[in-house]
Amino acid sequence: MDLILVKGKLRPVEIYTVLGGRESGLQEAVVRAWEDYERGVDLYRQRSFEEARILFERSGKEARFPELSRLYAERCRVLLEKAPGPEWDGVFVMESK
């Protein structure tokens, strides 16, 4: 789902969620939305914010967790307005616990 740096820690932590496998009966639209979301995350981490934003907005319409797509789409909008410096590594820094 995300790479976060928790306050007080030095290394980012990757966080996940369980959706179930394709064999678990997920609707095709949900599977496509999750694939869009995953591709969006890849693009986001590569600094392709506009392309990622489009995928996040599309995936949010069908995803089981639309708030994740909305969160990333908003991050993309912010980063498009003010490009991050060269040290940006895609990790979200938590300011509080």
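Values in this text are rule-based calculations from the coordinates and carry no lab data. For clarity, every value in this text was computed on a predicted model and none was experimentally measured. Here the Cβ is made from the backbone with ideal geometry for all residues, glycine too, and neighbour counts use every protein chain on show.
Laid out as a table, the results:
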| quantity | calculated |
| --- | --- |
| Over segment 47-94: Rg over Rh, Cα atoms, Kirkwood Rh | 1.00 |
| Gyration tensor verdict on the chain (Cα atoms; rounded if a/c is under 1.5, prolate if a/b is larger than b/c, oblate otherwise) | oblate |
| Residue-averaged 222 nm ellipticity for the chain, from DSSP H runs of 4+ at -39500 (n - 2.57), nearest 500 | -15000 deg cm²/dmol |
| Sequence of Val6, Val18, Val93 once ranked by neighbouring C-beta atoms within 10 Å, starting from the fewest | Val18, Val93, Val6 |
| Highest-first arrangement of 53-60, 83-90, where packing means the average Cβ count within 10 Å | 53-60, 83-90 |
| Sequence-distant residues sharing a close amide H with Phe92 (under 5 Å, placed H) | Leu3, Ile4, Leu5 |
| Residue of Glu14, Glu38, Glu62 that the Gaussian network model of the chain assigns the largest fluctuation, springs spanning Cα pairs under 10 Å | Glu14 |
